1. Which order do 379, 137, 212 fall in if you start with the one that has the fewest other Cβ atoms within 10 Å?
2. Taking amide H positions as placed in the peptide plane 1.01 Å from N, state which residues far from residue 47 in sequence (5 or more) or on other chains have amide H under 5 Å from it.
3. Given 284, 259, 362, which one lies farthest toward the positive end of the charge dipole of the range 203-370, if we put +1 on the Cβ of every Lys and Arg and -1 on the Cβ of every Asp and Glu?
4. If packing is taken as the average number of other Cβ atoms within 10 Å across a peptide's residues, how do 334-341, 45-52 rank, most packed first?
5. Taking the number of other C-beta atoms within 10 Å as the exposure measure, put 100, 217 in order starting with the fewest.
6. May I ask you to compute the full-extension gain from residue 124 to residue 392, defined as 0.36 nm times their residue separation minus their alpha-carbon distance, rounded to one decimal in nm?
7. Under a straight-distance cross-link criterion of Cα-Cα below 24 Å, which lysines are reachable from residue 68, leaving out those fewer than 8 residues away in the same chain?
8. What is the set of long-range amide H partners of residue 53 at a cut-off below 5 Å, with H atoms built 1.01 Å from backbone N?
Amino acid sequence: MNTPIVHEAPVQGAVVVHPDRDARSVREPETRLQEAVGLAQALDLEVREALIAPLRKLTPATLFGRGKVDEIGAIAEEADASVVVVDDALTPVQQRNLEKAWGAKVIDRTGLILEIFARRARTREGRLQVELARLTYERSRLVRTWTHLERQRGGFGVMGGPGETQIETDRRLLAEKIGRLKRDLAEVRRTRGLQRQARQRAPAPTIALVGYTNAGKSTLFNRLTASEVVAQDMLFATLDPTLRTVRLPGGRPAVLSDTVGFISDLPHELVEAFRATLEEVREADVVLHVRDIASPDSEAQAGDVREVLERLEIDLESRRVLEVWNKVDLLDAESREVLAKRAERSGVALVSATTGEGVGTLLARLGQLIDDAPPITVYAPADQGAAVAWLYRHGRVLERAEDEHGGARVSVKLSPQALGQFERLFPDTVWRNAAE
């Protein structure tokens, strides 16, 4: 019996270059370089060399000066690298010129992130969003795709018209495809909007997780919901939004949403494409901002998250936001003690999603945030025991007293959604604000 031959894709060696611009970022260049290496590895590239290239002056044609271009080219040749990753945004002209100079494929930061997203998206909406972002990015780069720009279609009344160049034809076809994708996305978004409206009519409050990529959002999501969402020590392990039920103290349900991770210099095309996905954040009752507190760049990463949300017109200042400092298990005892004091002063939840440390306290804090509505007093007659049980499941009962007739007077906190549904389900009960 013949054994089938399996052809594995050849390993692509890569050199990663971080152009270090003066005052470009609050991060250390070494940290930025390591992040770029992580992005390359997320694309299954074998990083053979990684270096920081000081950039004192921008060269329009190649970004780097002539000497640095030659130096990087020699490193790529010595490493037998077929790909050079430049951790910066390159113009189409710079990309083309560097590919000629180095004899290798050149990918800039935007292209790298787009390619990762294209591989990871699973839902139809995710794939449409990534494809739209990729085509928007490529539209400005068609000039580097064609080497026969002088070729023109003949003027015989065929599609394209007299004298339309190949590049003009491709740009027009690309624009038509982008238009179709936008229409498809609009329909998907309409469906998601209807689903969101249906959830808003339900009594369960909503909680959205946001954070820098690889901050541990999916691990925390799994810990809180007992789910098995993919959670890896890898950049952009989660792309598509996932919704699950989490049980708050007392057994009340809430809907928890895990969203795509953010990253510094997130491509504009992707910010726009994922605007609808991040509507979950805009509509959430509570936003959990998960931070990798063990990272030396934690503060800068938090700033990047806030910046992206501002670009999406999501104002965290007007929202109920709880910062979650994750990965405390990676810190030494002294650092943890200092951090615990800071967290207590700042009203921050300190957790380890991996070990479960602090998760109980986090759930209690969530319950308090969701229950910030004033309490109401409900009177349920003796034959309305189901109403009292419902209040225990969907609200936070503060006090309960029974009268001689078997009726129950319950002081309870309910979210506005829960109160609306309670009124519809149990019209025979009587309630009033506790302060009345």
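Taken together, the values in this text are just the output of simple stated rules run on the coordinates, not laboratory data. What you see is a predicted model; the values in this text were computed from it and never measured. All Cβ positions, even for glycine, are placed from backbone atoms using ideal geometry, and neighbour counts span all protein chains on display.
1. 379, 137, 212
2. 14
3. Projecting each Cα onto the dipole axis, the largest value belongs to 362.
4. Peptide ranking by packing, descending: 45-52, 334-341.
5. 100, 217
6. Numbers: separation 268, 0.36 × 268 = 96.48 nm, distance 3.82 nm.
Value of the extension gain: 92.7 nm.
7. Within the straight-line cut-off, residue 68 pairs with 57, 100, 105.
8. Counting only residues 5 or more places away or on other chains, the set is 18, 20.
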